[in-house]
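K.L.:
What follows is a structure written as structure tokens; I'll ask about it next.
The values are calculated or read from the model by the stated rules, or taken from the named source; none is laboratory data. These figures come from a predicted structure and were not determined experimentally. Cβ placement follows ideal geometry from the backbone for every residue including glycine, while neighbour counts extend to all protein chains displayed. Please note that ligands, DNA and RNA were not included when accessible areas were found on the heavy atoms of the full protein model with its side chains. Shrake-Rupley method; radii C 1.70, N 1.55, O 1.52, S 1.80 Å.
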Amino acid sequence: LRRWSNIPFLTVPLSRAHGKPFAHRSELRHAKRIVVKLGSAVVTRGDECGLALGRLASIVEQVSMLQNQGREMMIVTSGAVAFGKQRLRHEILLSQSVRQALHSGQSQLKDVAIPVLEARACAAAGQSGLMALYEAMFTQYSICAAQILVTNLDFHDEQKRRNLNGTLHELLRMNIVPIINTNDAVVPPPEPNSDLQGVNVISVKDNDSLAARLAVEMKTDLLIVLSDVEGLFDSPPGSDDAKLIDIFYPGDQQSVTFGTKSRVGMGGMEAKVKAALWALQGGTSVVIANGTHPKISGHVITDIVEGKKVGTFFSEVKPAGPTVEQQAEMARAGGRTLAALQPEQRAEIICRLADLLTDQREEILLANKKDLEEAENKGRLALPLLKRLSLSTSKLNSLAIGLRQIAGSSRDSVGRVLRRTRVAQALLLEQVTVPIGVLLVIFESRPDCLPQVSALAIASGNGLLLKGGKEAAHSNQILHHLTQEALSIHGVKDAVQLVNTREEVEDLCRLDKLIDLIIPRGSSQLVRNIQKAAKGIPVMGHSEGICHVYVDTDASVEKVTRIIRDSKCEYPAACNALETLLIHRDLLRTPLFDQIIDMLRVEQVKIHAGPKFASYLTFSPSEVKSLRTEYGDLECCIEVVDSVQEAVEHIHKYGSSHTDVIVTENEQTAEFFLQHVDSACVFWNASTRFSDGYRFGLGAEVGISTSRIHARGPVGIEGLLTTKWLLRGDNHVVSDFSEHGSMKYLHESLPLPQRNTS
């Protein structure tokens, strides 16, 4: 038996003891034997005459890929009736047009009445063509397919059951994909109410029940049922309140209202659910999903096997806590209550959290020690990430100070009036600050991020979903517990939620109905992955921190080495650390340049030469592979420029719009640099490491944004707010302002109310 994939990137074993279905989606990648059921609506065209060839080709490609990974694939297919209907219609039209031409002497086809075609005849005419199509498609992937036609009676006859079972096992052993269908040419009408006849029997009256029966008989790991809806909804799809059910548990069917049947085919969603529950009871995992318009990557079958959140997953294991969707709804409700509190109450919550960080210091450090020990034992974290994971007494004290800063600045954030306008007599307009809604913050290896981000969300009245890395699980758990303890003093415990389920980050990024903004905190790869995965949700952040320091001809000798050392060596893994050092050409072979090189050598910084810098040297360091490199370590690139103008052009071409610095004593040159460099943070005679919310006096930051809209640079409370317009009138209508109306627009700017600066 093939027990491992023959595809190099797949490294999970594909065999398991059959008996219990998978408990979680993430386990589906271990499925060895898989049945894919293709509903009539999936394989047929919208006019119900003929097959959806493009869709079918995509399905065959996915099945072939999984088969070539060492899995055992079976297909239960519909489509014979539709294919036969197309052929018979063509034959009828052809024969009638010939007869009409013979009788009338005209070859032109007139209106021809097509008789109602009997389904069994259509099935008989379509089976061979359907199978020929499958064979031709699978041949493209060097895979052989075999046809098996069955009826309900085949499962009642013990000898036939054994024969069918043996045939299927032999085909799978020979790496052949069985294509199974009910023999609709001879099948009797289905018996009413005969879906379930005990634990071990299910009546085969459609392809849903056939797929379930086969899945259990063959001890398959996974049954994928493809239909023309996204999955199972709690009410008929298309109704206003219909919500897709992510995970369905036995016993939940009472809470579901079933709609009408599919536009084609014999079954409906109720039949699919009954078949799915029967298969689940027999030890086979089941997913019902949309095979006509896949929403994720267009590869619905492989997405399901990879454990992505597609369709409805049937599981016998209920999670201990709420689902992530429920957590997002709790965060939204809690956030709205939080926003309605008085500013002093929100500040009180943050101050209470700051106190808990110092009061519960020992418990926090003990949990953090567990994380560090597990990470070191598993050896899965690089040294810079281990440093980020580590908490200390001084870190906790700094966190507490930062949180109290946030509390102080939060008293005049939500509900602040930005603009007041008298639109007309007794018609007053105000623009006020309001929370964005629900934030999803995804962070790696930095447990100190949790209280910082929580405090900023509380100050700005936003609901918050937090997804931390598993390497900081113990630390995150206790810090979240303390955050909820602080929130409880004003009854808003649910406003901040920590996602502890096996939810993939990619799946979280698709909750566009529940999340308003995603903020990634971590590596550039994490940020890029989230930006790619986010569907319909804005992402605030930066994918890279390629920060520059430009040393001008008028730079101070004393300032240069201090600023460069701090920018590169103080914390090399930070996103605001120096990555490229730009040197004015006139400084080469000067004492200042020698001091810079000596300092970098003492600090053990590996130097990469830019193309121009390398051309000036006889024996140069290794030439840089790319001028767009974020090293995140004690490494940097040195490049030469001829002027401040060229430095600006280099930064615009190779930088990431994060933080860039000029070191010079020439004020005119400095102002040119400050005005022309188009980055989120531009400094004069100061380290790149000042690009930080705490150092800016924001208390903390949710991240640094290089976006061109909304917030830019270190994002504190202000970046987590948006605005809304409040219009207060007195029986005003637009028609009063028409040419012959009684009202006139005034549009007078009014003074703003005095801000609370206490």
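K.L.:
Just one of (1) closer than 23 Å to THR44 by Cβ; (2) open to solvent by 30 Å² or more (accessible area, probe 1.4 Å); (3) modelled with pLDDT of 80 or more trips up LYS160, so point out which.
P.N.:
So the condition that LYS160 fails would be (1).
K.L.:
Right, something else. Filter the strands (runs of 3 or more DSSP E) completely within segment 622-727 down to those with at least 3 residues that are more than 22 Å from ILE436 (Cβ to Cβ) and in the same structural domain as ILE564 (by the TED database).
P.N.:
Qualifying strands (runs of 3 or more DSSP E): 635-641, 659-663, 681-684.
K.L.:
A further question follows. Looking at GLY713 and the list (1) closer than 30 Å to THR561 by Cβ; (2) open to solvent by 40 Å² or more (accessible area, probe 1.4 Å); (3) within 40 Å of the chain's Cα centre (by Cα), which single condition is not satisfied?
P.N.:
It fails just one condition, (2).
K.L.:
Let me ask something else. Filter segment 729-741 down to residues that are at pLDDT 90 or above and exposed (fewer than 11 other Cβ atoms within 10 Å of the Cβ), then give me how many there are.
P.N.:
Counting residues in segment 729-741 that are at pLDDT 90 or above and exposed (fewer than 11 other Cβ atoms within 10 Å of the Cβ) gives 6.
K.L.:
Among the numbered criteria (1) at pLDDT 95 or above; (2) of a type in the set (A, V, I, L, M); (3) surrounded by fewer than 16 Cβ atoms within 10 Å (Cβ to Cβ), which single criterion is violated by LEU383?
P.N.:
(1)
K.L.:
Additional query: Say we look at segment 312-330 and pick out the residues that are of a type in the set (A, V, I, L, M) and open to solvent by less than 40 Å² (accessible area, probe 1.4 Å); which of these is farthest from the chain's Cα centre (by Cα)?
P.N.:
ALA328
K.L.:
Any idea which residue in segment 429-476 is most open to solvent (accessible area, probe 1.4 Å), counting only those that are of a type in the set (S, T, N, Q) and in contact with a helix residue (DSSP H, G or I) (Cβ under 7 Å, 6 or more places away or on another chain)?
P.N.:
Applying the filter and picking the extreme gives GLN452.
K.L.:
Quick check on segment 40-58. Is at least one of its residues within 25 Å of the chain's Cα centre (by Cα) and among the aliphatic types (A, V, I, L, M)?
P.N.:
Looking for residues that are within 25 Å of the chain's Cα centre (by Cα) and among the aliphatic types (A, V, I, L, M), one finds none in segment 40-58, hence no.
K.L.:
Applying the selection to segment 576-595, what residues are of a type in the set (A, V, I, L, M) and over 18 Å from LYS653 (Cβ atoms)?
P.N.:
Hits for segment 576-595 are ALA577, LEU587, LEU588, LEU592.
K.L.:
VAL310 - would you say it is touching a residue at least 12 places away in the same chain (Cβ under 8 Å), more than 25 Å from SER78 (Cα to Cα) and not in a helix (DSSP H, G or I)?
P.N.:
Answer is no for this residue.
K.L.:
Tell me, please, whether a residue that is open to solvent by less than 10 Å² (accessible area, probe 1.4 Å), modelled with pLDDT under 80 and not in a strand (DSSP E or B) can be found in segment 218-226.
P.N.:
no
K.L.:
Could you please let me know if ALA426 is open to solvent by less than 30 Å² (accessible area, probe 1.4 Å) and either more than 24 Å from the chain's Cα centre (by Cα) or among the β-branched types (Val, Ile, Thr) (or both)?
P.N.:
no
K.L.:
Here is a further query. Could you list all residues from segment 534-552 that are closer than 28 Å to HIS584 by Cβ and β-branched (Val, Ile, Thr)?
P.N.:
ILE546, VAL549, VAL551
K.L.:
Another one. Looking at GLU570, GLU544, GLU579 in this structure, which one is buried (at least 22 other Cβ atoms within 10 Å of the Cβ), within 43 Å of the chain's Cα centre (by Cα) and farther than 16 Å from ASP642 by Cα?
P.N.:
Residue meeting the stated conditions: GLU579.
K.L.:
Right, another one. Going by the conditions given, is VAL12 at pLDDT 75 or above and either of a type in the set (A, V, I, L, M) or in a strand (DSSP E or B) (or both)? Walk me through how you get there before you give the answer.
P.N.:
Details: at pLDDT 75 or above: no; either of a type in the set (A, V, I, L, M) or in a strand (DSSP E or B) (or both): yes.
So VAL12 fails the test.
K.L.:
Among the candidates ILE406, ILE401, single out the residue that is in the same structural domain as ILE489 (by the TED database), at pLDDT 90 or above and either among the basic types (Lys, Arg) or open to solvent by 70 Å² or more (accessible area, probe 1.4 Å) (or both).
P.N.:
None of the others qualify; the one that does is ILE401.
K.L.:
Same structure again: Check off (1) part of a loop (DSSP other than H, G, I, E, B); (2) under 40 Å from the mean Cα position of the chain (by Cα); (3) over 27 Å from PHE672 (Cα atoms) for HIS608 and give me the number that stays unchecked.
P.N.:
Failed condition: (1).
K.L.:
Let me ask something additional. Please go through segment 690-705 and give me each residue that is modelled with pLDDT of 85 or more and open to solvent by 10 Å² or more (accessible area, probe 1.4 Å), ordered by number.
P.N.:
Scanning segment 690-705 gives PHE690, ASP692, ARG695, PHE696.
K.L.:
Just to be sure I understand, how many residues within segment 647-659 are open to solvent by less than 10 Å² (accessible area, probe 1.4 Å) and more than 15 Å from PRO714 (Cβ to Cβ)?
P.N.:
3
K.L.:
Counting just the residues of segment 523-541 that are touching a strand residue (DSSP E or B) at 6+ places or on another chain (Cβ under 8 Å) and open to solvent by less than 30 Å² (accessible area, probe 1.4 Å), which one comes out modelled with the lowest pLDDT?
P.N.:
First, the residues of segment 523-541 that are touching a strand residue (DSSP E or B) at 6+ places or on another chain (Cβ under 8 Å): 526-527, 530-531, 534, 537-541.
Still in the list and also open to solvent by less than 30 Å² (accessible area, probe 1.4 Å): 526-527, 530, 534, 537, 540-541.
Working: LEU526: 83, VAL527: 84, ILE530: 88, ALA534: 86, ILE537: 91, MET540: 89, GLY541: 80.
Residue satisfying both the conditions and the ranking: GLY541.
K.L.:
Exactly one of these conditions fails for GLU344: (1) under 23 Å from GLY231 (Cβ atoms); (2) surrounded by fewer than 17 Cβ atoms within 10 Å (Cβ to Cβ); (3) of a type in the set (Asp, Glu). Give me its number.
P.N.:
(1)
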